[in-house]
């Protein structure tokens, strides 16, 4: 542990004891991984009751986590102590997931849990880990329910944050020379949060000329589209959550022969297999997902099969190393690990280069894709 973190830890301990007079994370515990010669970290993911279409994904996430733990222990562990992974089967059920997380905390005193989800299990788990003051690193795609969560010790892959939105607006203006933009957004928590973050950056550059909301149940969009046509922007950015509603909207735009460049969030990829020409030339925003070839080859060699879910598998692998780095640099106390993790900048992981902001957003670079003939092409 370097001198900087020794000072930080000392100051935090004094402040907490002096100000609160309550037992804290930073006080010695009766039983810890350090005292038993091991360091415990929780791994929460579905092992049973997994939908068939997600079996490969969760197998690859489990394998990637195990591979990282193996490597760390072969290299000497963490501060010469073995890293022990306490696994819990969430069974794709919120109640079960929360109970498994509680068991990890109460019986193994884990300072951090690395978790994924089938549906929305992490809503319940994050509330528990927050109340128990434990780190929760979520390994998921850019799930709408997670993008709007901001628990103090919760970390997630994020597209919706001011850093990423700033990069996005710069990318759009440089790539397409946009001078005016209209926003359309579905009235749901995630698209609305996305809209608010993006709106700030668009207004800073004086690009926003119109914003129109639509409901999930809407089946025609004459009124908002007419308003946008009157403003005649260079582009329309559509932020949706319900693929069927967005598909209807795109068809109406096409039927009205509107000439604007159409840009959407990455949920549009869900329409690729079923949509018609309404997707033609649509640009969508996604994470860069620059997974290292070394990691892919290492996985393929270790498990004897070709890795499919490269970005999420690499994110799972990186998360174990993030926990290792946090403990080695500071301590296994969750509160201090939290401070360290939120100072991570330009971390060169297997999932690409990323940083973590003060809200626990794990921010990768973004990219733009365009759909032509139902194929996805990288734009930049």
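The values are calculated or read from the model by the stated rules, or taken from the named source; none is laboratory data. Remember, predicted model here, so these are calculated numbers, not experimental data. Every residue, glycine as well, gets a Cβ built from its backbone with ideal geometry; the counts of neighbours run over all protein chains shown.
Taken as a whole, the condition of being over 17 Å from residue 62 (Cβ atoms), part of a helix (DSSP H, G or I) and touching a helix residue (DSSP H, G or I) at 6+ places or on another chain (Cβ under 6 Å) applies to residue 337. Answer with yes or no whether residue 316 is outside the structural domain of residue 251 (by TED's automatic domain parsing), within 18 Å of residue 58 (Cα to Cα) and either in a loop (DSSP other than H, G, I, E, B) or touching a helix residue (DSSP H, G or I) at 6+ places or on another chain (Cβ under 6 Å) (or both). Answer is yes for this residue. As a summary of the residue check, residue 271 satisfies the conditions (1) in contact with a strand residue (DSSP E or B) (Cβ under 7 Å, 6 or more places away or on another chain); (2) within 17 Å of residue 377 (Cα to Cα); (3) crowded, with 20+ Cβ neighbours inside 10 Å except for the one numbered (1). Select from segment 297-309 the residues that are surrounded by 15 or more Cβ atoms within 10 Å (Cβ to Cβ) and out of contact with any helix residue (DSSP H, G or I) (no Cβ under 6 Å at 6 or more places or on another chain) and write down the one among them that is nearest to residue 116 (Cα to Cα). Going through the qualifying residues, I end up with 299.
Criterion applied to 232, 277, 266, 301 was being within 30 Å of the chain's Cα centre (by Cα) and in contact (Cβ under 8 Å) with a residue 12 or more places away in the chain, and the one residue passing it is 266. Could you run through segment 99-124 and say how many residues are touching a strand residue (DSSP E or B) at 6+ places or on another chain (Cβ under 6 Å), under 19 Å from residue 362 (Cβ atoms) and outside any loop (DSSP other than H, G, I, E, B)? Number of matching residues: 5. Among residues that are under 26 Å from residue 170 (Cα atoms) and either out of contact with any helix residue (DSSP H, G or I) (no Cβ under 6 Å at 6 or more places or on another chain) or part of a helix (DSSP H, G or I) (or both), residue 348 is included. The strands (runs of 3 or more DSSP E) found wholly in segment 235-304 and carrying at least 2 residues that are under 23 Å from residue 140 (Cβ atoms) and not assigned by TED's automatic domain parsing to the domain that holds residue 224 occupy 283-287.
Being outside the structural domain of residue 359 (by TED's automatic domain parsing), modelled with pLDDT under 95, surrounded by 16 or more Cβ atoms within 10 Å (Cβ to Cβ) and touching a strand residue (DSSP E or B) at 6+ places or on another chain (Cβ under 9 Å) is not true of residue 225. Among residues of segment 47-68 being touching a helix residue (DSSP H, G or I) at 6+ places or on another chain (Cβ under 6 Å) and crowded, with 19+ Cβ neighbours inside 10 Å, the one that is farthest from residue 329 (Cα to Cα) is 50.
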